[in-house]
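Take a look at the structure set out below.
The values are calculated or read from the model by the stated rules, or taken from the named source; none is laboratory data. For clarity, every value in this text was computed on a predicted model and none was experimentally measured. For neighbour counting, all protein chains shown are included, and Cβ atoms are generated from backbone atoms with ideal geometry for every residue, glycine included.
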Amino acid sequence: MNSHFDKSKPIAIGSDHAGFEYKEDLISFLEAKGISFQDFGTHTKDSVDYPDFAHPVAKAVENGEAAFGILLCGSANGVAITANKHQGIRAAVCWGEELAQLSRMHNNANVICIPARFVREGDAEKMVELFMLTEFEGGRHELRVEKIACAQV
């Protein structure tokens, strides 16, 4: 797999209880591809609060410790909202392959957020692979992406 991400850095991954099984599947997928990762949890199906896992994933990406992030919860909205509180994060909710590609091509997303309750088995792996392989187009999208961050006052 030729990825445009820095392969010397791990991928940060995390989920709440609703995304736990898909997170475990994605970890197996990454291991099979020989891709390093850091699992920020959760590590069981017990009910947990998604910000407890979304913030560490976002922080690892924002600080350059991780190549990019993968977050999962039931709808993906909670983890995306949480991750996007971090200034250097562009977290995109993706429930299909085209959205995973467009989030990279047009938005230079650095965290993919997958809604475990709305994605069929196997589709999460396809989306993550496309997210890794798709490059940011830049060009007309560059100025738009540069406008996303809140100006410091």
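Exactly one of these conditions fails for Pro51: (1) within 23 Å of Thr134 (Cβ to Cβ); (2) modelled with pLDDT of 95 or more; (3) touching a helix residue (DSSP H, G or I) at 6+ places or on another chain (Cβ under 8 Å). Give me its number.
The single condition Pro51 does not satisfy is (1).
Return yes or no: is Ala91 free of Cβ contacts under 8 Å to residues at least 60 places away in the same chain, closer than 21 Å to Phe53 by Cα and among the aliphatic types (A, V, I, L, M)?
Numbers: free of Cβ contacts under 8 Å to residues at least 60 places away in the same chain: yes; closer than 21 Å to Phe53 by Cα: yes; among the aliphatic types (A, V, I, L, M): yes.
It is true that Ala91 is free of Cβ contacts under 8 Å to residues at least 60 places away in the same chain, closer than 21 Å to Phe53 by Cα and among the aliphatic types (A, V, I, L, M).
Among the residues of segment 104-128, write down those that are without any contact (Cβ under 8 Å) to a residue 60 or more places away in the chain and either over 15 Å from the mean Cα position of the chain (by Cα) or assigned to a loop (DSSP other than H, G, I, E, B) (or both).
The answer is His106, Asn107, Asn108, Ala109, Asn110, Phe118, Arg120, Gly122.
Yes or no, residue by residue, for (1) closer than 23 Å to Ser36 by Cα; (2) touching a Gly at 6+ places or on another chain (Cβ under 9 Å); (3) surrounded by fewer than 23 Cβ atoms within 10 Å (Cβ to Cβ):
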position	(1), (2), (3)
Leu72	yes, yes, no
Ala100	yes, no, no
Arg104	yes, no, no
Ile114	yes, yes, no
Glu125	yes, no, yes
Arg140	no, no, yes
Arg144	no, no, yes
Cys150	no, no, yes
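Of everything in segment 49-69, what is among the aromatic types (Phe, Trp, Tyr), farther than 12 Å from Phe5 by Cα and not in a helix (DSSP H, G or I)? Give them in sequence order. Break it down stepwise before answering.
As a first pass, look at segment 49-69 and keep what is among the aromatic types (Phe, Trp, Tyr): 50, 53, 68.
Right, trim to farther than 12 Å from Phe5 by Cα and you get 50, 53.
Passing the criteria: only Tyr50.
Could you tell me whether any residue of segment 35-48 is of a type outside the set (Ser, Thr, Tyr) and in a helix (DSSP H, G or I)?
To start, the set of residues in segment 35-48 that are of a type outside the set (Ser, Thr, Tyr) comprises 35, 37-41, 43, 45-46, 48.
Among the residues that remain, those that are also in a helix (DSSP H, G or I) are: none.
Within segment 35-48, none of the residues are of a type outside the set (Ser, Thr, Tyr) and in a helix (DSSP H, G or I).
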